[in-house]
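Participant: Please find one structure pasted underneath; my questions will follow.
The values are calculated or read from the model by the stated rules, or taken from the named source; none is laboratory data. Here the structure is a predicted model, which is why all the values come from computation and not from measurement. Cβ sites come from the backbone with ideal geometry, for glycine too, and all protein chains shown count toward neighbours.
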Amino acid sequence: MKKLSIIRVISFNLHTSTRWRLAFLFGLFFVLEGWKIAADNTSSIKSVGDFYFLFFSGPGNGSLSLIEILVWFIPQMLFYFLIGDMAYDELSQRGSVLLPILGSRWGWWSGKVLTLFVFSLIYVTGLILTITLGLSFANPINLNSYNSSVTLTSLWPNSQDFSGGQLILLISLLYVSSMFALGCLQMTFSLFCRRSIYSFLLIIGILLVSCFISVNHPWLVRWLPGTQTMLVRHTFIDVTIPDLSFLWSILYNTTLLAVSVIIGFWVVKRLDITRFHSKC
């Protein structure tokens, strides 16, 4: 039987394993969210960079602001919801048919991992574009400037300044790497417990615990999964948070990803696809 190329595997996975209709609805929600944030912070937003910082800053350590928490939490929650059926549901329903086509269990698992990476890129790019569209509706003049120093230095005097381009690159790398790593952990856990909803709730729980547990323990922040997407909890913005650099976040996400991929493949190897129960 002729095996599928990796491009066709990724294309097939994107078509069958993600909830695209809901993704478009979420896109409309992000446009409205971007417009709302831009409209409510007209005096603070002087450029696109200021807007990106406000949207992606996340809750500061010790912050109990519901708005800050929701603006950070909702886009991530929706991402993990969209990929909820990517691994377990397909393997349990079509695994016996797909595995011969893909050639091996590693072929199936690596295809899922690569698909998750591509979808992470698509999601973060779409998120940035849709909130920028929302900004353009609220205050289109800000699209002409990319200096982000106003918000950064006024809210966090010890922070470094970034141009809008530097800031969006930083945000993209942090979000893509974090969503990729936690998404792979979600797929792995769904295969282990054989219920997609359990793995989704696990990731949501991890995000919420990471958000609140470090309130009185700044040294914990760098060790908690999910905090990598909170800009204001990085040391280069908030010097009270020790040793959470951009490089640390990338290495942390890379390590979490590697561990999840290895454990996930171990789980896939032990599954009896025909009966879908673990081999003893």
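Participant: Please state which one of 119, 180 is modelled with pLDDT of 95 or more and over 22 Å from residue 44 (Cβ atoms). I'd like the intermediate steps shown before the answer.
Facilitator: Details: 119 fails: modelled with pLDDT of 95 or more.
The match here is 180.
Participant: Before we move on, is residue 218 touching a residue at least 40 places away in the same chain (Cβ under 8 Å) and in contact with a helix residue (DSSP H, G or I) (Cβ under 6 Å, 6 or more places away or on another chain)? Walk me through it before giving the result.
Facilitator: On the way: touching a residue at least 40 places away in the same chain (Cβ under 8 Å): yes; in contact with a helix residue (DSSP H, G or I) (Cβ under 6 Å, 6 or more places away or on another chain): no.
Considered against the rule, which asks whether it is touching a residue at least 40 places away in the same chain (Cβ under 8 Å) and in contact with a helix residue (DSSP H, G or I) (Cβ under 6 Å, 6 or more places away or on another chain), residue 218 comes out as no.
The rows are residues; the columns are (1) over 20 Å from residue 168 (Cα atoms); (2) among the small types (Gly, Ala, Ser); (3) outside any helix (DSSP H, G or I).
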position: 8; (1), (2), (3): yes, no, no
position: 13; (1), (2), (3): yes, no, no
position: 22; (1), (2), (3): yes, no, no
position: 26; (1), (2), (3): yes, no, no
position: 31; (1), (2), (3): no, no, no
position: 37; (1), (2), (3): no, no, no
position: 45; (1), (2), (3): no, no, yes
position: 50; (1), (2), (3): no, no, no
position: 58; (1), (2), (3): no, yes, yes
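Participant: Yes or no: the range 136-148 includes at least one residue that is at pLDDT 90 or above, of a type outside the set (Val, Ile, Thr) and surrounded by 20 or more Cβ atoms within 10 Å (Cβ to Cβ).
Facilitator: Going residue by residue through the range 136-148, those that are at pLDDT 90 or above are none.
For the range 136-148, residues at pLDDT 90 or above, of a type outside the set (Val, Ile, Thr) and surrounded by 20 or more Cβ atoms within 10 Å (Cβ to Cβ): absent.
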